[in-house]
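The values are calculated or read from the model by the stated rules, or taken from the named source; none is laboratory data. Please read these numbers as outputs of a predicted model, since none were measured by experiment. When we count neighbours, we look across all protein chains shown, and the Cβ atoms used for this are built from the backbone with ideal geometry, even at glycine.
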Amino acid sequence: MTDQLGFSTRAVHAGFDPDPQTGAVNVPIYASSTFAQDGVGGLRGGFEYARTGNPTRTALEANLAALELGRHGRAFSSGMAATDCALRATLRPGDHLVIPDDAYGGTFRLIDKVFTQWGIEYSVAPVSDPDAVRNALRPNTKLVWVETPTNPLLNVGDIPALADVAHGGGAKLVVDNTFASPYLQQPLLLGADIVIHSTTKYLGGHSDVVGGALVTDDPELDAAFAFLQNGAGAVPGPTDAFLTLRGIKTLAVRMDRHCDNAETLAEFLSGHPAVAEVIYPGLPQHPGNAVAQKQMRRFGGMISVRLAGGRDAALKFCSNTKLFTLAESLGGVESLIEHPGAMTHASTAGSALEVPADLVRLSVGIEDVSDLLADIEQAL
Ligand SMILES: Cc1ncc(COP(=O)(O)O)c(C=O)c1O
């Protein structure tokens, strides 16, 4: 029934009906680590121990699935915990995966530094080139892992084409949908097998909680996620689940404002002499613009720029802003600025994924756009 409702209606309502006993319209923060049983095995609401399941988390998980129009949602204590779970549920020693040549630094670090120790091999390929991804496949490839748009270079991958490539090679397609959010793009409908989110970002939306999510239509994959969720225990507490749900209720209105502001700033930056290149999928000159128009509702709140004055100018720009806070992370209501080479993507230094030194990443918030423009102008 919920999949017949519009996106904003699902965001506000999916996962919880007003409490029959009290009428509470919001799911309570069930601060309970264990649940009383009526006789051995007699579970009242299906809950026994809060690592296995907690009603606040269950409400969030149902909501996450409804947002992505997927059958099964699982919540985790961080985006990296969700990433780790997806990798462990699908890969065995001797398997191979393909990752973006500009993947999020933490994803790259986990695969490069941890999973390779357990006999997993990986190759890198540009998500914007399905043929290059196909050429990176090997007989033992089990996963094609993509972000679209990517962090931080905002490359766009054609999800249906990448799904064909992955499935043609006997692999599953995982889409990290953190940058777009389910409001702008729903990868399962485009052929992906697994969607992963850092809910820390747009879903939570207020920079006050860290979390992650996995959504799939495949019951076997979901069972493997649930097994690891319980078996390894990287679950969010009930307060974190509540905060994430609370953020999600306004996702659609926030995203529209993020997109409005980012479109205006991208246009302004495109004409500025201190800026050598503006990378924003909504600009007609962006190489992924046509694909983004096909599969995204709008183009998101993230902008990357390369400074004409190189690394020094990039570092200075990051220090000069007053409203844009110099900080890692993204997707919150407040605008943030960062230098990926020295901050979020420092772990890619010296690798094939190293990011340009003159690159600055902006997470455009929902403040008044005139104030954001004035801040960027004085900082440049
Ligand atoms: C695209 C992407 N995926 C995954 C993550 C990891 O999420 P978390 O920081 O919640 O562990 C991040 C964090 O920045 C990210 O940007």
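Okay, here's what the table says:
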| item | result |
| --- | --- |
| Residue match in region 163-185 (condition: among the β-branched types (Val, Ile, Thr), away from the ligand (no atom under 14 Å from the Cβ) and either modelled with pLDDT of 95 or more or within 11 Å of residue 98 (Cβ to Cβ) (or both)) | yes |
| Pairs with Cβ under 6 Å, 6+ apart, first in region 348-373 and in contact (Cβ under 8 Å) with a residue 40 or more places away in the chain and within 11 Å of residue 262 (Cα to Cα), second of a type in the set (Val, Ile, Thr) and outside any loop (DSSP other than H, G, I, E, B) | 362/303; 362/337; 369/264 |
| Residues of region 189-210 satisfying the condition of being more than 11 Å from the ligand (Cβ to nearest atom), crowded, with 24+ Cβ neighbours inside 10 Å and outside any loop (DSSP other than H, G, I, E, B) | 194, 195 |
| Residue that is surrounded by the most Cβ atoms within 10 Å (Cβ to Cβ) [pool: residues in region 343-372 that are small (Gly, Ala, Ser), within 15 Å of the ligand (Cβ to nearest atom) and more than 17 Å from the chain's Cα centre (by Cα)] | 347 |
| Matching option when the condition is buried (at least 22 other Cβ atoms within 10 Å of the Cβ), hydrophobic (A, V, I, L, M, F, W, C) and closer than 30 Å to residue 371 by Cβ, among 276, 262, 241 | 262 |
| Where a residue in region 170-190 is at positive phi and among the small types (Gly, Ala, Ser) and its partner, wherever it lies, is within 14 Å of the ligand (Cβ to nearest atom) and not in a loop (DSSP other than H, G, I, E, B), with Cβ under 9 Å and at least six apart | 181/197 |
| Test: residue in region 309-322 that is buried (at least 17 other Cβ atoms within 10 Å of the Cβ) and within 16 Å of the ligand (Cβ to nearest atom) | no |
| Exclusive hit being charged (D, E, K, R) and within 16 Å of the ligand (Cβ to nearest atom), set 256, 240, 260 | 240 |
| Residue in region 2-25 that is over 16 Å from the mean Cα position of the chain (by Cα), in contact (Cβ under 8 Å) with a residue 40 or more places away in the chain and on the phi > 0 side of the Ramachandran plot present | yes |
| One residue from 290, 276 being of a type outside the set (Asp, Glu) and either over 22 Å from residue 161 (Cβ atoms) or in contact (Cβ under 8 Å) with a residue 40 or more places away in the chain (or both) | 276 |
